[in-house]
Each structure stands twice: as structure tokens, then as C-alpha cells.
There are 2 protein chains.
Amino acid sequence: MMKCEQCIVKQFNALKSLEKDDLIRISGCKTSKFIKKGEILFREGESINGVYCIKEGVCKLTKLSANGKDQIVKLVVRGDLLGQRSLVTDEKSNLTAIAVNEMEICFIPKSEILHDLSKNANFSLDMLQDMAKELRIADNIIVDMAQKSVKQRLADVLIYLDQAFDKDERGYVGVMLSREDYANLVGTATESAIRILSQFKKEGYISTTGKHIKIIDLEGLKRIE
Amino acid sequence: MMKCEQCIVKQFNALKSLEKDDLIRISGCKTSKFIKKGEILFREGESINGVYCIKEGVCKLTKLSANGKDQIVKLVVRGDLLGQRSLVTDEKSNLTAIAVNEMEICFIPKSEILHDLSKNANFSLDMLQDMAKELRIADNIIVDMAQKSVKQRLADVLIYLDQAFDKDERGYVGVMLSREDYANLVGTATESAIRILSQFKKEGYISTTGKHIKIIDLEGLKRIE
DNA sequence: TATATACTATGATATTTATCATGTTTTAAT
DNA sequence: ATTAAAACATGATAAATATCATAGTATATA
């Protein structure tokens, strides 16, 4: 099994601020596993008791709203940590994590992370900075949700996917989401998401083959209003 | 001028984790001032270079959306800190802060806070916990913005104001907002906010006298859908 | 106290979005 | 390969919300 101190993924998250000794210690008690598409890592209301480091794959963080629909709050990708928020506040998870595709993840027990938070100021600061950035992003999403039309928000999602995920050989976006996922990302009815994607296709902004989507006119999408 | 080490307000924020020595040091370089209703503490895009501690009053944090409307992202009250996010990431402010009523605030320069963050693990952890809580709240607002109707969101705002602000002698909510503020909190047109408040009044959930609002039927508001 | 200005209110209408219905296509399982 | 289930698509309609128009009301300021 890959050791933390040799793992390249940690460069993308706060674990990069740990010393070699600490990484070796963490490596000794971490567990690693593969998750199939659609599997649930943890549910809203469950205790996580540690932090997941995403080594490969994508997962969606969702929350069930009062009207019974799942809202996707964010997508978590290779290199991201998962569960820091609940760990720090010692609360149950506020969100449900579901694999969007095949994933490989490592789980680091709570006690190890807390140990480092209390001893290593760099690590704490790095974690604090990550959380601060997440907060800025969340604030911006609030503004977009409140002020932009469904069509704009869906265009935004496509723009985000285009820049955040590698494309395959044929230029298709490197993550495949269902139309329902798109709807749950922008907060609309599935039919509305389908309709707007059809319209984007008709108007030449994107091309689609099943769940595969290719962005054809990124600048056009940015001009949607 | 009130000294930090004697100030009761710090109990409500991360500054409570500092030792007396540190508080005295901070007290020595803080500045304190009064802000009039409507005044701007700082604008989106400006460098804050420190942290504000709210000793008295309320301010709104807004962001201008692409369509030219201000969205109120949150209300900040007595005891809250302001500017930690930008301080930690060393970014310009993402939001504009505007006083909702008469305020008294203290400003602590960046260098002092950074000094404590690097030396005091308790302080860092406390800050981290505050930010983690803010993040949870922001995630929940995203879900509400995406999934709830305007009417539900406005009811939620009233419920929040009812529990977050003291009432005056006659039972009116202790903070006065314009109808436009209500609209900018829920992300709707001012006319829509006015209409829904009128409806709530007609249906006996609230009573209003100008900007003064009294919650009459809290449970009723919670049942709005 | 007069007067301008901002805020509140409400009707009429247009636009956006959700819901319901129905059929097709894709995917997964036997 | 066959069949059931899930996902996609689209029309028709209803409901929610925005926009435009107009007028009353409060508030500040000269």
C-alpha cells in the first residue's frame, strides 16, 4: 500500500504541511479503500470520526432539503480532504458523500489529525486557509443561487466542469453526471435541467452523447444570461 | 477606552482563547470607533489588513451580483469577528460590510492576529472551529436558496431575526431592516418581499409598523411552504 | 414648514420555472 | 437476447416570481 510520505496527492491539501515523522505515523494507522460509483461514503447525521483523503475519483456532497430533493453542495476531487469540518467542530456530518465514479480513498482517524492540529501550527494554519477558501466559495455560491437564473447557474456548472476536470481524448468533460445531478447542482427540476441542456446543445454551446458532454463554445456559455 | 482584557464581548469569539498577556498586547494596538447607520466598514475588493471585533450593533455583509443587485450574505452582530477569512488567506475582501445601525467596533491589525495564530494553538483551533461553523451555515443556506421558495426563505429570515436579536419592550424584533434588505437577504425583487410581508401581516403571522416588525405566530411561520 | 427624496404598496402583465403527462432511449439484470 | 428499470426527452399547463407602472407615505433636509 502507498505510504503517505510518498503519496503525491497530499501536495494538494493541508497534509503537505506535516513533517516526515508525522506522515509516517499517520501512514501507520490510515486505512485505504476503493469505492464503487454510487456508493455512499457517509451520510448526513453520521459521525465520521476522521478525515478522508481523496486519492482518485470524484464524489458529490449532498444535503436533503425539506421538500425531499437532494441538493449537491459541492463536488470533491482528487487531492481534497473530506470531513475536516465535522472533525474540527466535533459534530456529525452535515452532508452525505456519494461516489460519482470509481474512487480510491484513504481514511485517517480523528485522533491522529487532532494530534497534529494541537502540535503543528503550520498544519493548523493550512487547514484554516483551506476552510477559509471553502467559505469564500460557499459565499459566492449563495449569491449565485440567490441572484442568477437557472439557465445561468447551469451554464456556470458547465464552465466549472470544463476547467476543473481533465478532458478525455475526444475533448469530453472528464466527469459524467446524470441530468438529475445537474438539476441537483443548480437547484432545479430534473426536467428543467434536461430542457436547458437540450437548448444549449441546439444553440451549439455544447454537444452531448448520452452522459458525455463536450463544451464547444465556452465563451458563449459565459455570455448566457 | 475599554481594554480587551476586560471586554466582555470577546467571550463570544476566538479572542477568548488568548492569554491575558496577549490581550494586553492587542489592546495596546487596537483602534476603536463608532460607525453610523449606513456607513461602509469596507468594500468588496479592498484589503482589510486586520480583524474587526463588533462591540455593539449590526452590520450586513453584501456582495454585488452580475445583475447589479446586492445580495446580503450574512448579518454580523455584537461579539462576532469580521475579516478573519481575508486575513487568513491574505486575500482582498470578498464582501462589503455596511452598518445596519449604530455600531461600535474595534480594529486589530493583521500582524497581531497572525502573531497569535502562529504561537497559540488554542487560538488557531478556536478560529478554525468558528470558520467551520460558518461553513456549515453557508452550506445550509446554499441548500435553502436552491430548494426553498421565496416565501419560505422570507419566513426563515423572520424566524432567524426572532431568535437572533433581542426584542424591544413592545416585542418588536430588535433590528430594523428596509424591505429592500429583506429582498436582498432572500434573493428576490423588492416588490416581491413587500408583497409577501403584506401577506404575512394579513394572515396574522406578523404585525408591522413601518420598519418595525413583530413576530406574532412563530409556529405559523415555521409551517409556511 | 415646505419640499425633495427615498421607501412602501399594489395592480397589471410578462417571464421563468415547476409540475404533470406521456413516450422514447439507455442501462442493467436475468 | 429479453425484459425491467432507470434515465432522458418534450409537450401542455400551472404556479411562482419578476418587471413595469403608478401612487401613497414616511423621512430628511433646507
Inside the range B:193-211, can you point out the residues that are more than 8 Å from DNA strand C (Cβ to nearest atom) and buried (at least 17 other Cβ atoms within 10 Å of the Cβ)? B:Ala193, B:Ile196, B:Phe200, B:Tyr205, B:Ile206
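Select from the range A:97-112 the residues that are under 11 Å from A:Gly57 (Cβ atoms) and surrounded by 18 or more Cβ atoms within 10 Å (Cβ to Cβ) and list them in ascending order. Talk me through it step by step, then tell me what you get.
So the first thing to find is which residues in the range A:97-112 are under 11 Å from A:Gly57 (Cβ atoms), and the list is A:99-105.
A:Ala99, A:Val100, A:Met103, A:Ile105, listed by residue number.
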Might you let me know whether the range B:92-99 holds any residue that is in a strand (DSSP E or B) and charged (D, E, K, R)? no
Please identify the pairs in which a residue from the range B:206-222 that is without any contact (Cβ under 8 Å) to a residue 60 or more places away in the chain and farther than 16 Å from B:Tyr160 by Cβ has its Cβ atom under 6 Å from the Cβ atom of a residue that is more than 10 Å from DNA strand C (Cβ to nearest atom) and in a strand (DSSP E or B), counting only partners at least 6 apart or on another chain. B:Ser207/B:Lys214; B:Ile216/B:Ile206; B:Ile216/B:Ser207
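Hey, among the residues in the range B:145-164 that are assigned to a helix (DSSP H, G or I) and within 9 Å of chain A (Cβ to nearest Cβ), which one's surrounded by the most Cβ atoms within 10 Å (Cβ to Cβ)?
In the first step, residues of the range B:145-164 are kept if they are assigned to a helix (DSSP H, G or I); the result is B:145-147, B:150-164.
Now drop any that are not within 9 Å of chain A (Cβ to nearest Cβ), which leaves B:145-147, B:152-153.
Details: B:Met145: 21, B:Ala146: 25, B:Gln147: 22, B:Gln152: 18, B:Arg153: 23.
It comes out as B:Ala146.
Only residues that are among the β-branched types (Val, Ile, Thr) and more than 16 Å from DNA strand C (Cβ to nearest atom): list them for the range A:59-101, please. It would help to see each step written out before you state the result.
So in the range A:59-101, the residues among the β-branched types (Val, Ile, Thr) come out as A:62, A:72-73, A:76-77, A:88-89, A:96, A:98, A:100.
Once the filter is applied, which keeps residues that are among the β-branched types (Val, Ile, Thr) and more than 16 Å from DNA strand C (Cβ to nearest atom), the range A:59-101 yields A:Thr62, A:Val73, A:Val76, A:Val77, A:Val88, A:Thr89, A:Thr96.
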Pairs under 9 Å by beta carbon, first residue more than 14 Å from chain B (Cβ to nearest Cβ) in the range A:168-183, partner within 13 Å of DNA strand D (Cβ to nearest atom) and assigned to a loop (DSSP other than H, G, I, E, B), six or more apart or different chains? A:Val175/A:Val100; A:Met176/A:Val100; A:Met176/A:Gly210; A:Met176/A:Lys211; A:Leu177/A:Val100; A:Leu177/A:Lys211; A:Ser178/A:Lys211; A:Arg179/A:Lys211
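If only one of A:Ser86, A:Ser32 is farther than 25 Å from A:Asn184 by Cβ and over 13 Å from the mean Cα position of the chain (by Cα), which one is it?
Only one candidate passes the filter, namely A:Ser32.
When you scan the range B:120-142, do you find a residue that is within 15 Å of DNA strand C (Cβ to nearest atom) and in a helix (DSSP H, G or I), even just one? Working first, answer last.
Of the range B:120-142, the ones within 15 Å of DNA strand C (Cβ to nearest atom) are B:142.
Of the ones still in play, those that are also in a helix (DSSP H, G or I) are B:142.
Looking through the range B:120-142, at least one residue is within 15 Å of DNA strand C (Cβ to nearest atom) and in a helix (DSSP H, G or I).
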Test of understanding: among B:Glu225, B:Glu180, B:Glu169, which residue is in contact with a helix residue (DSSP H, G or I) (Cβ under 8 Å, 6 or more places away or on another chain) and at pLDDT below 95? B:Glu225
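How about the range A:152-174: which of its residues are of a type outside the set (S, T, N, Q) and within 13 Å of DNA strand D (Cβ to nearest atom)?
Just the residues of the range A:152-174 that are of a type outside the set (S, T, N, Q), to begin with: A:153-162, A:164-174.
Answer for the range A:152-174, where residues must be of a type outside the set (S, T, N, Q) and within 13 Å of DNA strand D (Cβ to nearest atom): just A:Leu154.
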Identify, by number, the condition in (1) aliphatic (A, V, I, L, M); (2) more than 22 Å from A:Arg136 (Cβ to Cβ); (3) within 21 Å of the chain's Cα centre (by Cα) that B:Leu41 doesn't meet. (2)
Of the residues that make up the range B:204-221, is at least one within 11 Å of DNA strand D (Cβ to nearest atom) and within 14 Å of chain A (Cβ to nearest Cβ)? no
Within the range B:49-73, of all residues that are within 28 Å of B:Ser27 (Cβ to Cβ) and without any contact (Cβ under 8 Å) to a residue 60 or more places away in the chain, the one surrounded by the fewest Cβ atoms within 10 Å (Cβ to Cβ) is B:Glu56
Conditions first: (1) more than 13 Å from DNA strand C (Cβ to nearest atom); (2) in contact (Cβ under 8 Å) with a residue 40 or more places away in the chain; (3) of a type in the set (D, E, K, R); (4) in a helix (DSSP H, G or I). A:Glu104 passes all but one, so which condition is the exception? (4)
Scan the range A:100-111 and give yes if some residue there is more than 10 Å from chain B (Cβ to nearest Cβ), within 16 Å of DNA strand D (Cβ to nearest atom) and either more than 13 Å from the chain's Cα centre (by Cα) or among the β-branched types (Val, Ile, Thr) (or both), otherwise no. yes
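Does A:Val88 fit the bill of being in contact with a helix residue (DSSP H, G or I) (Cβ under 7 Å, 6 or more places away or on another chain) and either of a type in the set (Gly, Ala, Ser) or under 21 Å from B:Ala138 (Cβ atoms) (or both)? Lay out the reasoning, then the answer.
On the way: in contact with a helix residue (DSSP H, G or I) (Cβ under 7 Å, 6 or more places away or on another chain): yes; either of a type in the set (Gly, Ala, Ser) or under 21 Å from B:Ala138 (Cβ atoms) (or both): yes.
In short, yes.
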From A:Lys119, A:Lys148, A:Lys133, residue being among the charged types (D, E, K, R) and either out of contact with any helix residue (DSSP H, G or I) (no Cβ under 9 Å at 6 or more places or on another chain) or closer than 22 Å to A:Arg25 by Cα (or both): A:Lys119
Name the single residue that is nearest to A:Gly45 (Cα to Cα) among those in the range A:118-133 being surrounded by 21 or more Cβ atoms within 10 Å (Cβ to Cβ) and without any contact (Cβ under 8 Å) to a residue 60 or more places away in the chain. A:Met131
Subset of the range A:165-220 (residues that are in a strand (DSSP E or B) and within 21 Å of the chain's Cα centre (by Cα)): A:Lys167, A:Val173, A:His212, A:Ile213, A:Lys214, A:Ile215
Test for B:Ile142: is it crowded, with 18+ Cβ neighbours inside 10 Å and either in contact with a Gly (Cβ under 7 Å, 6 or more places away or on another chain) or more than 10 Å from chain A (Cβ to nearest Cβ) (or both): no
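The values are calculated or read from the model by the stated rules, or taken from the named source; none is laboratory data. Note that this is a predicted model, so its numbers are computed, not measured. We place every Cβ from the backbone using ideal geometry, glycine too, and count neighbours over all the protein chains shown.
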